[in-house]
Amino acid sequence: NRPIVFAFNGGPGSSSVWLHLGLLGPYRVDMDSDAGPVASPGRLLANDASILDIADLVFIDPVSTGFSRAIPEEEAKEFHNFKRDIESVGDFIRLFLTRFSRWASPKFLIGESYGTTRSAGLSGYLLDRHGIALNGVMLVSSVLNFQTIAIDRTGGGFHRGNDLPYLGYLPSYAASAWYHGRLAPELQRLSLEDLTAQVESFVDTEFAPALFLGSRLDTETRGRLAARIAAFIGLEAAAVTAADLRIEMQQFCKELLRDERRTVGRLDARYRGIDRYPAASLLEHDPSLDALTGPYTSALNDYVRRVLEYESDLPYEILTDRVMPWSYADFENAFVDVSETLRSTMSRNPAMRVFVASGYYDLATPYYATRYTFDHLGLEPELRSNVTMAYYEAGHFMYVLVPSLQRLGAYLTLFIGDAVAAG
């Protein structure tokens with residue numbers, strides 16, 4: 001009767017190591033809560049926030065990630081696409097439930113980043129193909145509608161005619177500038193919650209209508225808005241004006257600390273990086289991903305062999321480009337969007353609960369873009385209470401900050417218990 005949770009990360013091309021050794025499993029990698037560097041090899045600590053005491057955990061590494069391989073391996077490309085990925089993970093879940101006699105267990109998914117895209121798609125596929133009605137879905141650093149974020153290679157991103165990312169990113173830019181102490185004293189003195197609430201109101205009431213006007217926006221209003229945006233995000237008004245009020249994520253990461261010859265992270269803007277060419281417009285690397293990769297890789301490879309006693313000479317693919325190019329053939333000439341799948345599944349399975357966790361300093365899947373997606377989900381009023389959202393003072397991997405880890409772990413325990421009781 002124990003709940004069973006199927007967990008995976010995203011990428012595409014990511015193994016499940018981040019959720020495994022960062023949030024859910026019985027051990028976690030020791031990271032610096034203040035976003036400082038951690039020397040490899042990564043040190044494992046007991047994870048007091050693990051949900052293993054109330055649920056069984058199954059970590060899934062999709063084909064070509066972790067130790068998972070296609071047989072024959074030459075056919076791996078078959079699985080490197082939106083639809084086949086969902087089918088293969090969904091069919092694995094069905095097979096696992098059968099072989100281990102777990103059909104009577106309450107069933108949950110938890111995905112992170114592209115894993116949330118996969119989760120939404122899976123919720124519909126499992127119901128349609130296998131008759132599996134989930135008790136709950138947990139989305140960590142969520143992206144369901146790629147129109148809202150800056151991922152160029154997948155049909156999202158900062159493109160002419162798509163103003164949604166500029167709106168959704170602004171509160172996260174402001175939070176990041178506040179974290180690094182780049183705001184004027186009157187804004188810097190505000191709490192993070194009060195600052196972001198003020199920026200959110202500005203986006204809703206002034207920024208969004210202004211972008212809609214385009215060239216009809218008068219010069220005086222444009223100048224006033226540029227000054228306000230610059231004050232909120234710690235940049236010069238001239239830079240905001242030159243960008244036509246539209247600051248792209250890479251530009252922000254390069255510009256915020258340019259006078260210190262430092263960059264800020266995409267996955268977690270608390271992390272600082274050093275680029276060879278400070279005057280360039282694009283990040284050479286993401287310092288937040290660099291900070292995690294070494295410790296997590298060494299910790300995982302040691303853990304599976306020494307603690308779990310699993311031996312393999314295969315490389316454990318932590319985050320691989322072997323899955324590229326990833327195919328989104330189901331979304332030709334359209335933005336990737338699985339929000340309708342989630343809405344439909346929730347409407348057909350009204351007992352299913354959804355929890356969404358976001359980090360204030362996440363510049364990959366910004367929290368206000370996620371809120372926009374759920375505000376436009378189109379759920380019936382009686383189903384809206386099935387969705388809960390929470391925000392954490394960290395980035396994409398919010399659990400590297402110990403207070404966020406503890407709060408998130410406690411809420412996941414509560415969420416699973418409530419979903420089981422409701423069922």
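The values are calculated or read from the model by the stated rules, or taken from the named source; none is laboratory data. Just so you know, these numbers come straight off a predicted model, no measurement behind them. Because the Cβ atoms are built from the backbone with ideal geometry, glycine has one as well, and the counts that use them run over all protein chains shown. For the accessible areas, the whole protein counts, side chains as well, though only heavy atoms, and no ligand, DNA or RNA atoms are used. Shrake-Rupley method; radii C 1.70, N 1.55, O 1.52, S 1.80 Å.
Key figures for this structure:
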| item | result |
| --- | --- |
| Where A390 falls short, out of the listed (1) over 20 Å from S14 (Cα atoms); (2) assigned to a helix (DSSP H, G or I); (3) open to solvent by less than 20 Å² (accessible area, probe 1.4 Å) | (2) |
| Residue, farthest from V387 (Cα to Cα), within segment 343-370, restricted to residues that are touching a Leu at 6+ places or on another chain (Cβ under 9 Å), open to solvent by less than 10 Å² (accessible area, probe 1.4 Å) and part of a helix (DSSP H, G or I) | A369 |
| Those residues of segment 13-46 which are among the hydroxyl-bearing types (S, T, Y), in a loop (DSSP other than H, G, I, E, B) and crowded, with 22+ Cβ neighbours inside 10 Å, in sequence order | S15, S16 |
| All positions within segment 222-257 that are open to solvent by 70 Å² or more (accessible area, probe 1.4 Å) and part of a helix (DSSP H, G or I) | R224, R228, A238, T241, A242 |
| Any pair with Cβ under 8 angstrom, 6 or more apart, that starts in segment 98-116 at a residue that is under 19 Å from V356 (Cα atoms) and ends at one that is in a helix (DSSP H, G or I) and among the basic types (K, R) | G111/R118 |
| Tabulated pairs, segment 308-334, first at positive phi, second open to solvent by 70 Å² or more (accessible area, probe 1.4 Å) and outside any loop (DSSP other than H, G, I, E, B), C-beta under 9 angstrom, 6+ apart or interchain | none |
| Pairs where the first residue, in segment 189-216, is acidic (D, E) and the second is surrounded by 15 or more Cβ atoms within 10 Å (Cβ to Cβ) and in a helix (DSSP H, G or I), C-beta under 9 Å, 6+ apart | E200/L170; E200/P171; E200/Y368; E200/R371; D204/L167; E206/L225; E206/R228 |
| Verdict on S50 being in contact with a strand residue (DSSP E or B) (Cβ under 9 Å, 6 or more places away or on another chain), on the phi < 0 side of the Ramachandran plot and assigned to a loop (DSSP other than H, G, I, E, B) | yes |
| Residue, nearest to V400 (Cα to Cα), within segment 258-290, restricted to residues that are outside any loop (DSSP other than H, G, I, E, B) and open to solvent by 40 Å² or more (accessible area, probe 1.4 Å) | L289 |
| Among the candidates Y316, Y328, residue that is modelled with pLDDT of 95 or more and under 18 Å from P62 (Cβ atoms) | Y316 |
